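Notes follow once the structure below has been shown.
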Amino acid sequence: MAATSGKLRPPFRLLLLLLAAAVARSVDGVELTLLTGAREKGTVCLDGSPPGYHLQRGFGSGEHSWFIHLQGGAWCNTIEDCSKRKMSAYGSSKFMRAVEFNGILSNDQQLNSDFYNWNRVFIRYCDGASFSGDGEAQDQDGSTLHFRGLRIWEAVINELMGKGLATAKQAILSGCSAGGLAALLHCNDFYARFSKEVSAKCLPDAGFFLDIEDLSGERHMWSVFNGTVHLQNVTQVLSKDCLAKKDPTECFFPAELVKSITAPTLILNSAYDSWQIQNALAPDGSFPGQSWSRFRNKFVDDVEIVKDKKDWGLFIDSCFTHCQTPFNISWSSQASPVLGSKTVAEAVGDWYFERSYEVKEIDCEYPCNPTCSSQLPT
């Protein structure tokens with residue numbers, strides 16, 4: 001089914017359910033904070049409700065350190081798709097609830113020894129364009145669909161700056177899936193908000209989406225991104241150098257985005273990303289061996305540019321999974337993927353704090369890595 005139909009493939013819906021489960025209501029959940037004066041600023045979710053975020057304050061040595069995580073959850077690239085999306089927590093704060101902080105967001109020192117006492121923020125995703133659009137359209141029922149992802153990004157970060165982010169000594173911008181793509185899109189802006197004395201870096205997780213033909217010859221991700229970029233007016237966040245030479249849709253892909261990013265960045269991804277294989281490569285459910293190899297080869301080629309970037313990092317494992325920082329099991333556990341003798345948590349910590357000369361690991365071909373557990377989220 002073509003992405004331009006506006007209907008989500010089953011794995012799309014599965015991804016939304018998985019991500020929703022990760023932020024389900026919990027007794028110990030972190031409550032939602034709605035953006036102040038959102039409607040007056042025109043900074044709203046798809047349905048016109050105010051956007052929100054969850055903030056858990058740092059303490060001790062982490063009082064002046066900030067970790068910002070952008071929620072993921074696919075995209076909406078047609079009016080029909082965005083209309084359905086606004087009836088969920090991915091398009092309206094009316095459906096948002098408290099969230100439980102796990103993985104890199106956890107305050108458990110044993111699980112998250114490097115970042116447990118930082119100020120940790122989970123920014124909710126309710127625009128459907130990786131926090132990057134700026135426009136509006138008429139919905140099928142005559143109401144307005146608000147494409148204000150860019151305004152949400154700017155307004156939430158500005159509000160957080162007033163809550164202590166402006167005086168941070170250490171800061172990380174991260175995100176998973178569509179949120180990982182958003183971390184790439186906003187990495188330079190985030191980095192530029194701090195002085196050179198501040199250690200500000202970016203950590204996109206499972207956000208490196210490929211422009212690759214699926215088994216039927218269709219460029220699924222191109223269709224999704226093309227619809228999103230044009231429907232939601234995404235061009236303001238794209239590289240001017242890229243836009244001068246290429247189609248805006250191509251400039252939305254990470255292979256182009258990384259060329260213009262100046263901030264230290266670690267690309268965390270599987271070279272056999274389960275979501276992309278199920279959606280962008282083999283949507284019919286068949287996974288012939290050579291297609292897996294073709295996907296990995298394309299992925300390795302696209303991240304080649306990062307190898308020569310100073311202060312950048314790579315953690316590209318060969319596990320069949322998608323998003324590894326927000327889940328306890330993949331972040332730091334006996335089932336966590338291991339590369340270069342480091343778990344995901346250890347590699348991220350060593351890269352950020354510069355405890356190693358460099359962290360640039362690309363795994364061998366599937367199924368070579370014995371630490372790739374079938375328990376990992378897909």
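Worth pointing out:
- For THR343, net neighbour charge (Lys/Arg +1, Asp/Glu -1) across residues whose Cβ lies under 11 Å away: -2
- Extension gain (nm, one decimal) between GLU197 and ARG294, 0.36 nm per residue minus Cα-Cα: 30.7 nm
- Cleavage-rule hits (trypsin sites (Lys or Arg not before Pro)) in the range 122-204: DSSP loop, at most 12 neighbouring Cβ within 10 angstrom: LYS196
- Solvent-accessible area assigned to carbon and sulfur over the range 88-192 amounts to 40 percent, based on a 1.4 Å probe.
- Using only side-chain charges placed at the Cβ, +1 for Lys and Arg and -1 for Asp and Glu, the dipole size of the chain relative to its Cα centre rounds to 620 debye.
- Sorting 83-93, 208-218 by their mean Cβ neighbour count within 10 Å, with the most densely packed peptide first, gives 83-93, 208-218.
- For the chain, the per residue solvent-accessible surface stands at 39 Å², with DNA, RNA and ligands left out and a 1.4 Å probe.
- Contour minus Cα-Cα distance for ASP241 and ASN369 (0.36 nm per residue): 42.2 nm
- Mean sequence separation of contacting Cα pairs (under 8 Å, at least six apart), scaled by the length of the chain, corresponds to a relative contact order of 16 percent.
- Leading residue at positive end of dipole, the range 32-362 (Cβ point charges), from PRO326, GLY73, PHE115: PHE115
- Label-point separation, LYS41 to ARG355 (7 Å along Cα→Cβ), nm: 3.6 nm
- Here the ratio of the Cα radius of gyration of the range 32-362 to 2.2 N^0.38 Å is 0.94.
- One Cα centroid belongs to the range 72-145, the other to the range 210-289; the line between them spans 19 Å.
- Residues in the range 47-64 that a label on LEU34 would reach, taking backbone N under 11 Å of a point 7 Å out along Cα→Cβ: 49-52
- Set LYS169/LYS307; LYS201/LYS307; LYS41/LYS259; LYS298/LYS360; LYS196/LYS246; LYS310/LYS360 screened for pairs whose C-alpha atoms are more than 22 Å apart: LYS169/LYS307; LYS41/LYS259; LYS196/LYS246
- Seen from GLU63, the other residues with C-beta closer than 10 Å to its C-beta sum to a net charge of +2, counting Lys and Arg as +1 and Asp and Glu as -1.
- Between LYS169 and ASP189, the simple spin-label model (points 7 angstrom out along Cα→Cβ) gives 2.9 nm.
- Of the GluC sites (Glu not before Pro) found in the range 294-378, the ones in coil according to DSSP and having at most 16 other Cβ atoms within 10 Å of their Cβ are GLU354, GLU358, GLU365.
The values are calculated or read from the model by the stated rules, or taken from the named source; none is laboratory data. All values derive from a computational prediction rather than experimental measurement. For neighbour counting, all protein chains shown are included, and Cβ atoms are generated from backbone atoms with ideal geometry for every residue, glycine included. Each accessible area value is taken on the protein alone, full model and side chains, heavy atoms only, with ligands, DNA and RNA left out. Shrake-Rupley method; radii C 1.70, N 1.55, O 1.52, S 1.80 Å.
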